[in-house]
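> Before I ask anything, here is the structure I am working with.
The values are calculated or read from the model by the stated rules, or taken from the named source; none is laboratory data. Keep in mind the model is a prediction, meaning the values are calculated, not measured. Ideal geometry is used to build each Cβ from the backbone, glycine not excepted, and the neighbour counts take in all protein chains shown. When the accessible area is computed, the model is the full protein with side chains, heavy atoms only, and any ligands, DNA or RNA have been set aside. Shrake-Rupley method; radii C 1.70, N 1.55, O 1.52, S 1.80 Å.
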Amino acid sequence: MNAFQKLFHSLENDPKKAGILLAASLLVLFFYNVDRTFDPKLGMSGDNAHYIILGKSISTGEGYTNIHQVEKLPHKHFPPGYPMLIALTSPLTDLEVEKIKRVNQALLLLSFIILFYLFYLFSEQLFLSFMATAFCMANAHLYVFSSQAMSEIPFMLMLLLSILFFVRSDYEKPLNKNLNFLLYILLLNAAIYTRSMGVVVLIAASIILIQKRKVPYLVAQWIASLLIQIPWVLRTRKLGGNTYINQIMRKNPYRANEGLMEFGDWFTRIFENLQRYISREIPSGTISYLNVETYKVPPVAMEWLVGIGVCLVIIFGLIRIRKHRIFLIWLSLGYMGILMLWPDIWFGIRFILPLLPVLILFLFIGLFEIYNFLIIKLLPGFKDLEKGLFVLLFIFIVFPYNQYATKKAAMEAKYEYPKTMKNFFTAANWVKQNTPKVARVACIKGGLFHIMSERVVCSPKRSSDPWVNYERFRENKVDVIIIDNVGFSSTGDYLVPVLNSFPENAKLAVEIPDPTTQIFKFFPYVGYKGELKNGLRNGQGEFTYISGEVYTGQWKDNAKHGPGRYYFPDGTFIEGAWTRDTLSGWVNYYGANGRYVERREYRNNKFIQGDGPSARINSRN
């Protein structure tokens, strides 16, 4: 044990030697974990596909546009920070999924380097900073998200850099000579452009500047930030408003029919989010071997016990931190406060991930303070060995458990897609191989489907009325509809009703079994145009069939009823009177030039006598 103590004393007295030794050991840990947890596959989240598509639209000079959709509308949902990074690195990645993920891993390494330095600034304890950084570098969640084409890791890096330059700024200097503060403003806004959550740094920094009475700095950061953010704000407002705000204001962001949040709903949402973060996200995020098997059932007693314990230690560590405590308190409160307002359907580690390293530091400081107290009270003879004992506990207890978590992440990275997703991508490949490049596809998760099929997509509107999406698909000349079993309700809510209500417009092309995934060919020119009553075809109207035949005339309750004309694909047509979708009796037959040819007799839609096309009148709706 004395050897450990001497080692720490020597490292603390020689920062250069300590830095080299600790950096080398952390690099070994990083490259060991980053290699085995890397997942080269395209993530199953639609967000990662959209980021790649938006990065491509910027790099190809098409602007910030949804180039994968038939309308190619300007994009307004995701801030452009991460897509811009994808575009800037495209000469290195060629926009290949695996290479884009490797860039994210490089950003994770930079984040760990910044973390080590920040931890030392906050705690002023070298060995504690090293262990907290090592604990972060053994956190499975950070590696999992670095192996995805998502904005969490780039945002975390921007967040940490903005914090670093803010706390490093000397506020006694004139504003125009404070390079650290100017870099802070640039990095702060880069963070906000990556994820809007970056605004919490602006708020926390403002409180500190008010406390320090540094009005010029306070005004400067707000004016600069407003000027930098105004273009995006004006753009989103012009395009219909910020979609994140619109989603937060709904009871369910994916079911508009459930309505907007009411006053009492906010208390319910905050309470449910608070329970979940305490019992699940915070403990399983900071101690990554605490897996959450399912969010479909309430947390059990052990989850509550561990979660409350972890949160109390984190709070204690925050209180005991040596420097920049007030800034970190407001930063953490602001971040968690925003998460409390988010729809409770947005659950999981993803949303708290950028804050995890800071929480882990608080956890370590809290544990070390508790450990010190116990050593002094219970084992006063071991006081000089306190750091060595703490390191041994870290190496032989905490570290192996986190290594177990990264081992599990490594195994999951090698797994194949689940059968539902494999069938979805199989459908995309079929479309790629069997349709022209100009084909248009209606489906859920359009970004993923576009990347795999290289076809533009038409996403359904969130309407319970099948007619709305039927008209949308016809107007956009959709060729294919995908009915998947990925698990999202949108397929059953918005796509299936179209096929059920207008079966004459679609024909099953391929069915992939277990679980069933269907590919329907859609015929946009097929269907009815005309008068409606009570949602049914009544009055004058025209119906085009898949065969190319057309009926134009009178309708009653969705059936051909009354005088009308029936056109054949060769241009010839007959003129007669229908009764409840049935043609019986004598009709006039005309040539393709519109001239009268002769009379024909039909019985129950069957041609009986006369020259001309032996046609069976199509009696479908």
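> How large is the helix-only mean residue ellipticity at 222 nm for the chain, computed as the sum of -39500 (n - 2.57) over DSSP H runs with n ≥ 4, divided by its residue count, in deg cm²/dmol to the nearest 500? Please list the in-between numbers first.
Values: 24 runs with 325 residues, N = 621.
Here the helix-only value at 222 nm equals -16500 deg cm²/dmol.
> Specify the angular offset, from 0 to 90 degrees and rounded to the nearest 10, of the alpha carbon long axis of helix 15-36 from the longest principal axis of the alpha carbons in the chain.
It is inclined by approximately 30 degrees.
> Let me ask something else about it. Please compute, over every Cα-Cα pair in the chain, the percentage with a separation greater than 48 angstrom. Don't skip to the end; give the middle numbers.
On the way: 57452 of 192510 pairs.
Pairs farther apart than 48 Å: 30 percent.
> Next question. Residue by residue, what Karplus-based ³J(HN,Hα) values in Hz, rounded to whole numbers, does segment 543-556 have, using 6.51, -1.76 and 1.60 with θ = phi - 60° and x for Gly and Pro?
Along segment 543-556, the couplings run 10, 9, 9, 4, 5, x, 6, 9, 10, 9, x, 8, 10, 8 Hz.
> Based on Cβ point charges of +1 for Lys and Arg and -1 for Asp and Glu, what charge dipole magnitude is obtained for the chain about its Cα centre, in debye rounded to the nearest 20? List each step's numbers first, then the result.
Details: 67 positive and 47 negative charges, 146 e Å.
Here the size comes out at about 700 debye.
> Heavy-atom accessible area per residue, the chain, 1.4 Å probe: how many Å²? Walk me through the numbers on the way to the answer.
On the way: 29430 Å² over 621 residues.
Using a 1.4 Å probe on heavy atoms only, each residue of the chain averages 47 Å².
> Starting from the Cα-Cα distance between Asp265 and Met411, subtract it from 0.36 nm times their residue separation and give me the gain in nm to one decimal. It would help to have the intermediate numbers written out before the result.
Details: separation 146, 0.36 × 146 = 52.56 nm, distance 4.05 nm.
Gain on stretching Asp265 to Met411: 48.5 nm.
> I would also like to ask the following. Binning at 10 angstrom from zero up to the longest distance, how are the C-alpha pair distances of segment 129-222 distributed in percent?
16, 41, 29, 14, 1
> Another question, then. Which value, in Å² and to the nearest 10, is the accessible area of Asp47 when all protein chains are kept and the probe is 1.4 Å?
The accessible area of Asp47 comes to roughly 40 Å².
> Lys560's amide H: which non-local residues (gap 5+, or another chain) put their own amide H closer than 5 Å, with H modeled 1.01 Å from N in plane and none for Pro or chain starts?
Amide H neighbours of Lys560: Asp581.
> When only DSSP loop residues count, what GluC sites (Glu not before Pro) in segment 411-488 have their Cβ near at most 12 other Cβ atoms within 10 Å? Kindly include the intermediate steps, with their values, before the conclusion.
Values: sites: Glu412, Glu416, Glu454, Glu471, Glu475; in loops: Glu416, Glu454.
Listed in order of number, the matching sites are Glu416.
> Another question, if that's okay. Among the chymotrypsin sites (Phe, Trp or Tyr not before Pro) within segment 187-276, which fall in a DSSP loop and have no more than 14 other Cβ atoms within 10 Å of their own Cβ? Let's see the in-between values first.
On the way: sites: Tyr193, Tyr217, Trp222, Trp232, Tyr244, Tyr254, Phe263, Trp266, Phe267, Phe271; in loops: Tyr254.
Hits after loop and neighbour filter: Tyr254.
> Can you give me the P(r) profile for segment 176-297? Cα pairs, bins 10 angstrom wide beginning at 0, each as a whole percent.
Result, from short to long distances: 10, 26, 29, 27, 8, 0 percent.
> Probe 1.4 Å, all protein chains in place: accessible area of His75 in Å², nearest 10?
The accessible area comes out at roughly 10 Å².
> Report, to the nearest whole %, how much of the accessible area of the chain belongs to carbon and sulfur atoms, 1.4 Å probe, protein only.
Working: 18000 of 29430 Å².
Here it works out to 61 percent.
> Give me a comma-separated list of calculated 3J(HN,Hα) values for segment 224-241, in order, Karplus coefficients 6.51, -1.76, 1.60 applied at θ = phi - 60°, integers in Hz, x for any Gly or Pro.
Per-residue couplings from phi come out as 4, 5, 5, 5, 6, 8, 4, x, 5, 4, 5, 4, 5, 5, 4, 8, x, x Hz.
> At 0.36 nm per residue, minus the direct Cα-Cα distance, what do Asn180 and Phe373 gain on full extension? Give it in nm, one decimal, please. Please report the intermediate quantities before stating the final value.
Working: separation 193, 0.36 × 193 = 69.48 nm, distance 3.78 nm.
Contour length minus Cα-Cα distance gives 65.7 nm.
> How charged is the neighbourhood of Lys533? Take every other residue with its Cβ under 12 Å from the Cβ of Lys533, and add Lys/Arg as +1 and Asp/Glu as -1.
Once all neighbours under 12 Å are counted, the net charge is 0.
> May I ask you to evaluate 6.51 cos²θ - 1.76 cosθ + 1.60, the Karplus curve with θ = phi - 60°, for each residue of segment 113-124 and list the ³J(HN,Hα) values in order in whole Hz, giving x for glycine and proline?
Running phi through 6.51 cos²θ - 1.76 cosθ + 1.60 with θ = phi - 60° gives 5, 5, 4, 4, 5, 4, 4, 5, 4, 6, 9, 6 Hz.
> Can you run the Rg to Rh ratio on segment 91-163? Use alpha carbon positions and the Kirkwood inverse-distance Rh.
That ratio is 1.04, to two decimals.
> Helix 263-276 against the longest principal axis of the chain: what's the angle in degrees, Cα atoms only, rounded to the nearest 10?
Value to nearest ten degrees: 60.
> Please name whichever of Tyr528, Ile360, Gly198 sits farthest to the positive end of the charge dipole of the chain, dipole taken about the Cα centre and charges placed at Cβ: Lys and Arg +1, Asp and Glu -1.
Of the candidates, Gly198 comes out farthest on the positive side.
> Could I ask something else about it? Please count, across segment 46-158, the pairs of lysine residues with Cα atoms under 22 Å apart that sit 8 or more places apart or on different chains.
Values: Lys56/Lys72; Lys56/Lys76; Lys56/Lys99; Lys56/Lys101.
So the count works out to 4.
> Please work out how much length the chain gains when fully extended from Lys323 to Thr420, using 0.36 nm per residue of separation minus the C-alpha to C-alpha distance, in nm with one decimal.
Numbers: separation 97, 0.36 × 97 = 34.92 nm, distance 5.03 nm.
Length gained between Lys323 and Thr420: 29.9 nm.
> Counting only other residues whose beta carbon sits under 13 Å from that of Gly43, what net charge do I get with K and R as +1, D and E as -1? Don't skip to the answer; put the middle values down first.
On the way: positive: Lys41, Lys101, Arg350, Lys445; negative: Asp39, Asp47, Glu98, Glu152, Glu412.
Around Gly43, the charge tally is -1.
> Also: Calculate the spin-label point distance for Val297 paired with Tyr254, positioning each point 7 Å from the Cα along the beta-carbon direction, and give it in nanometres.
Those two pseudo-labels are separated by 2.2 nm.
> Once amide H atoms are built 1.01 Å from N in the peptide plane, which residues 5 or more positions from Ala149, or in another chain, come under 5 Å H to H?
Gly43
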